[in-house]
1. Counting only other chains, and only Cβ atoms inside 10 Å, what mean value do you get across the residues of A:489-502?
2. Sort B:ASP42, B:ASP175 so the one with the fewest other Cβ atoms within 10 Å of its own Cβ comes first.
3. Once you place label points 7 Å from the Cα toward the Cβ at B:LEU98 and B:ASN115, how far apart are they in nm?
4. Applying a 10 Å radius around every beta-carbon, put A:296-309, A:342-355 in order of their mean neighbour count, most first.
5. Rounded to the nearest 500 deg cm²/dmol, what is the calculated helix-only ellipticity per residue at 222 nm for chain A, with -39500 (n - 2.57) per DSSP H run of length n ≥ 4?
6. For the pairs A:LYS527/B:LYS129; A:LYS5/A:LYS80; B:LYS73/B:LYS135; B:LYS177/B:LYS206; A:LYS80/A:LYS159; B:LYS73/B:LYS206, note any where the Cα-Cα span goes beyond 18 Å.
7. Would you tell me the mean number of C-beta atoms belonging to other protein chains that fall within 10 Å of each C-beta in A:427-433, as a whole number?
8. Report the gain in length on full extension from B:VAL142 to B:LYS73: 0.36 nm times residue separation, minus Cα-Cα distance, nm rounded to one decimal.
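None of the figures in this text is laboratory data; all of them are computed from the coordinates on show. Bear in mind the structure is a predicted one, so any value in this text is a computation, not a measurement. Cβ: placed from backbone, ideal geometry, glycine included. Neighbour counts: every protein chain shown.
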Amino acid sequence: MLINKRLILAHFWLAFAVFGVALVLGAWQMFVRSPLNAWHFNPEFYYRSVTAHGSIMGYVFPTLVAMGFGYAITESALEKPLIGRRWAWAGFWLVAVGAVVAMVPVSLGWASVLYTFYPPMVGNPLYYIGVVLVVVGSWIWVALMSINLAAWKRDNPDKPVPLAMFANVAGSYLWGWTAVGAALEIIFQILPVALGLRSTIDAGLARVFFSWTLHAIVYFWLIPTYIAYYSIFPRAIGGRLYSDAMARISFILFVVVAMPIGVHHLFTDPQVGAGFKFMHSVFTGLVALPTLLTVFTICASAEIASRLRGGRGAFGWVSALPWQNPIMLATAFSLVMLGFGGAGGLINMSYQLDASIHNTQWITGHFHLIFGGAIVIMYFAIAYDLWPHLTGRALDFGLMRTQLWLWFIGMIVTTFPWHYVGILGMPRRMAFYDYSNAAVSPQAFSVTMSAVGGFILLISGVLFLTVLIRGQWAASSEAGAYRFSVPLHMPARIPAALNSFGLWLALMIGLTVVNYGYPIAQLMVLKETNVPAVYVGAGR
Amino acid sequence: MSDQKLFSLRNPWFSTSVGVTVVIAVLATLAGLIWLPLAQPDLKLSGIWDAICSAAGVPRASSQAGSVQADFKTSDVVMTSEMLTRPSQVSIGRGATLAQRCAICHGPQGVSDANSPNLAGQFAAVTYKELNDFKTGARVNVIMTPFAVNMTNQDMLDVAAYYSYLPRVPSSHADAKIPAPLIVTTGAPMRNIAPCGSCHGDIDTKAGSPWLGGQSAVYIKAQLHAFASGTRRNDISQQMRNIARQMTAEEIDQVAHYYEAQP
């Protein structure tokens, strides 16, 4: 039962509105640094745009989707109204105000530091304050998810927590803990410098804190997608979830091993010892496990649906799947992109293999394929699935399919050449490439192709918003109660370990201390690791 | 749900998950901190503790014995973004008096047509660094060196504060029609040249980089050639020498005339 529909819709609408803005910026960036762009421009605009694109796509958009979807899950899975409605609105407004506060200095060119902050570059304090407001808003959501779960458990001591809610709370706890790294970096390191209270900063320590956030944030982005795999997809294609326990174990594994792995972003950084880089590499390898479990469970669930529809044969059942169904299409596309992106990820996490692609366009290609591709396409699916229940109006299936196809094609056309030029050695974070140079000219064709992919994505994004906007004027239709997938075997009793988080949070924090404790402590003690801040967008 | 206590070694979920996690963490630690460093012959470690310290990233002082020393005087000024940005009124006043002796070349208001740098409105850190470099000998000039050697540190701070306090005056060569050369707006990445504007104004300013708008073209050109030939070498870490050596004579000409025409 969805009660606070306005609250949920507000989160989704704001998320998709800022997504639209950031998508335009992204396409522009692809264009200006490609050979298609003949005119010369102020490179500062490029960094300004990248900062806005990254901050919106990384912090504002997925956070709002996770929050809105989280409230929808709470009400429909627990079958009771959300506790803390006013707090939820307060969280929403904090995110909204934070996004505006952060984007004003970025638009003015006062904080072109990119969304990963990159100290010792320091921009206008309002940018960081805005980001902190977004995070604080999302922490309200984290607290509300925990409170709602606790209240439900008190009222239903003998029932297993519904899978969707279990996964949702897992994601909120993961975010609550992983955001601490960037929060420490901003509050104790960057803001004092941005406000002029200090003029030096320990850039190495700041990067370690940021890596604490930067990798697990990906799993926070990913969890709504995985919830959609497990609790929307099997129901939408008329099947059953293959295993409820396997799903819970996957989410638990994310909570435990998504955190102590961020230093693989710092493989070429000198301030972290090689031994700790190896330890983080080991745990990064482990984080492939929940994804492999998920791929297996989801494919098995699809096979169940197909055989129920009369699918036959070892592989023949694939053709009997309901390919006309947008959720089927989105999930299939998402899994394909997850497969390619995951394979690339295994290269990034290997200490030696990473050396050949570190800081190249391969990395940008990789995270666009995983986040923009595998994850965001399921955000579309979530919106398509949820919308009729929120608005009481049906959406256009045909347009949805076109949109999903375009997003999939666009993302492949964008990211595959992007990976390739990375292997050729094209560095990332640059506004300008001289394609007339003999050493760079072989990359020109691939970069052009990437830019074309960017335009396809832009068209798909416009179509997505069109589907939702047109839905506002569609004929009313009763969508019924919002339901999640039913497992093949409904568990009557499940072990306490798969129904609570205490043990897993303890392991998550324990592993964080083991893998991050010493590198952070050492950098905090060393005084000579401070460097003068470099203010960007300062006086002329 | 289950009545069995979760946080108990008798609970297989607890013992297995904690056990597996601990085993993986211990194995990863042993491999990362002991086995892998010892397996690398190049590291020349003296034992297990040395291996752990090395792999954990404990910093150690390296010997300076074999390092190469420059055979000329280098600048000893340490630049920060905040440096000399908040001068006192007293300092500006003292600087105004001291600057009387600079007026013959740099103009009574910090601007002149003598092809010497226009100092009005220049960042204090920039003026201070150059004075200090003339004093220490890191930068040598027949006219400036004799002035600077007799200045105290406070004198140099005051003069720098005074000139940064003066308003910038529109250039007498101002010409808004000269388009910004590519080297100013985008640099030349393949030659490792950052855009001039990313440090010297218009796009951004960086600590220690002078404001170039309205400076004499003759002066800018002479300095770029001096950097390129190595006769001027007080730029920290060769920042300007590396750029000037890669610039063509035509580009040097273009930037000199472009900046002279800027406000």
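1. Values: counts 0, 0, 1, 1, 3, 2, 8, 10, 10, 3, 3, 3, 0, 2.
Whole-number average of other-chain Cβ neighbours for A:489-502 is 3.
2. Numbers: B:ASP42 5, B:ASP175 11.
Least crowded to most crowded, the residues run B:ASP42, B:ASP175.
3. 2.9 nm
4. Values: A:296-309: 18.5, A:342-355: 15.7.
Highest to lowest by the protection proxy: A:296-309, A:342-355.
5. On the way: 19 runs with 353 residues, N = 540.
Calculated at 222 nm, the ellipticity per residue is -22000 deg cm²/dmol.
6. Details: A:LYS527/B:LYS129 26 Å; A:LYS5/A:LYS80 13 Å; B:LYS73/B:LYS135 11 Å; B:LYS177/B:LYS206 26 Å; A:LYS80/A:LYS159 15 Å; B:LYS73/B:LYS206 24 Å.
Long pairs (Cα-Cα over 18 Å): A:LYS527/B:LYS129; B:LYS177/B:LYS206; B:LYS73/B:LYS206.
7. Values: counts 1, 0, 0, 1, 4, 7, 2.
Partner Cβ neighbours, averaged per residue: 2.
8. Details: separation 69, 0.36 × 69 = 24.84 nm, distance 1.65 nm.
Result for the pair: 23.2 nm of gain on full extension.
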